[in-house]
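Enquirer: Structure incoming, see below.
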Amino acid sequence: MQSLSVPDRNGESADILVGYDNAVEWLENAAYFGSTVGRYANRISGGRFTLNGIIYELSKNDCPNHLHGGVNGFNKVQWNSKITGEHSVKFTYHSPAGEEGYPGNLKVTVEYSLEKQSLSWKATATSDEATPVNLTNHAYFNLTGDPTAEVLGHSLTIHASKYLPVNEALIPTGEQAEVAGTPFDFTRPKTIGENLGLLNGNSFDHNYILSPATKLRLAARVEEKNSGRIMELFTNQPGMQFFLAATHGRKHTALCLEPQKFPDSPNQPAFPDSILQPGETYEHEILFRFPDPI
Ligand code: BGC
């Protein structure tokens with residue numbers, strides 16, 4: 001996703017995605033701006049997991065861990081595309097067994113559909129062998145429409161009463177901690193900057209535990225008071241990474257809200273299952289909704 005124009009309260013449209021100005025930078029895209037991330041979004045500890053008694057070694061691109069599908073993740077591969085409607089396009093990709101170390105030939109589709117006030121992102125995957133699958137969209141949002149402006153004044157609500165604490169390499173410790181009484185509490189609207197000073201590392205890069213669901217439900221809402229722009233995010237996934245990002249060398253200039261399975265699930269049996277079995281279909285839907293500006 002390279003750009004997404006949304007009107008402010010005066011009807012002035014601006015691009016609310018942070019991106020690049022030219023194709024060369026988009027190809028490199030080390031930050032995963034707007035990418036579909038897979039085969040496994042987020043981190044797998046030690047770049048290794050055991051499945052059905054076999055140890056699988058993945059590429060370690062976030063040493064010593066595996067991040068966002070590896071060196072040539074789904075953000076780097078060539079997808080096929082097909083227009084499926086007046087406002088929709090479907091991308092397909094066949095990931096061969098062994099790619100980045102994963103088992104199973106995986107067939108993936110991602111369809112984008114634009115409606116009047118929403119954008120839908122729908123992913124499916126099937127495999128001929130059991131494999132971890134965790135796809136997400138990695139758009140960087142700045143609702144001011146100015147990619148150089150800070151997002152600390154954006155008001156954020158995340159419908160999650162728990163989150164996953166992480167170690168220094170950003171791997172979940174396994175604890176499922178209450179947000180109440182901590183800087184991670186966004187159960188009521190709060191500016192992103194409000195409790196930032198209380199955080200170790202001075203940034204958010206954590207997975208939130210959403211209420212159990214198989215259907216779409218509201219996970220987060222963002223409001224930017226100067227422009228009046230609002231974004232609501234719906235997903236059917238169990239978790240959502242909230243990542244407060246530095247872009248183009250400037251701190252706190254974008255936020256990523258990445259619905260997904262929990263990070264490192266293939267190594268953490270207490271987390272929701274992330275293994276796709278042959279004969280099953282992985283289905284992940286994200287709906288970005290843009291209500292009338294306030
Ligand atoms: C991760 C960050 C990472 C960023 C870019 C996010 O999804 O949570 O830790 O730095 O992606 O790779």
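Taken together, the values in this text are just the output of simple stated rules run on the coordinates, not laboratory data. Bear in mind that the values here come from a model prediction, so they are computed numbers and not experimental data. Every residue, glycine among them, receives a Cβ derived from its backbone with ideal geometry; neighbour counts consider all protein chains shown.
Enquirer: Using a Förster distance of 25 angstrom, determine the FRET efficiency expected from the C-beta separation of Glu115 and Asn10, and round it to 0.05.
Expert: Working: r = 23 Å, r/R0 = 0.90.
For R0 = 25 Å, the calculated efficiency reads 0.65.
Enquirer: Also, quick follow-up: How large is the Rg to Rh ratio of region 185-258 when both quantities use alpha carbon positions and Rh follows Kirkwood?
Expert: On the Cα set of region 185-258, Rg over Rh gives 0.97.
Enquirer: Which whole-percent values make up P(r) of region 120-274 when all C-alpha to C-alpha distances are grouped in 10 Å steps starting at zero?
Expert: All Cα pairs considered, the percentages come to 10, 40, 36, 12, 2, 0.
Enquirer: May I pose another question? Determine, for the chain, the count of lysine pairs separated by eight or more sequence positions (or lying on different chains) whose alpha-carbon distance falls under 20 Å.
Expert: 21
Enquirer: Let me ask something else about it. When only DSSP loop residues count, what trypsin sites (Lys or Arg not before Pro) in region 189-220 have their Cβ near at most 13 other Cβ atoms within 10 Å? Kindly include the intermediate steps, with their values, before the conclusion.
Expert: Values: sites: Lys190, Lys215, Arg217; in loops: Lys215.
Passing sites in region 189-220 are Lys215.
Enquirer: Radius of gyration and Dmax for region 71-135's Cα atoms, expressed in Å?
Expert: Cα-based Rg and Dmax for region 71-135 come out at 13.3, 41 Å.
Enquirer: Let me ask another. Please work out the Cα convex hull volume for the chain and give it in Å³ per residue. Kindly include the intermediate steps, with their values, before the conclusion.
Expert: Numbers: hull volume 37.9 nm³, N = 294.
Expressed per residue, the convex hull around the Cα atoms of the chain is 129 Å³.
Enquirer: Quick one: P(r) of region 158-226 from all Cα-Cα pairs, 10 Å bins, percents rounded to integers, in order of increasing distance.
Expert: Final binned percentages: 18, 50, 28, 4.
Enquirer: For the peptides 26-35, 127-136, what is the packing order when you average, over each peptide's residues, the other Cβ atoms within 10 Å and list the highest mean first? Walk me through the numbers on the way to the answer.
Expert: Values: 26-35: 16.0, 127-136: 22.5.
Ranked by mean Cβ neighbours within 10 Å, highest first: 127-136, 26-35.
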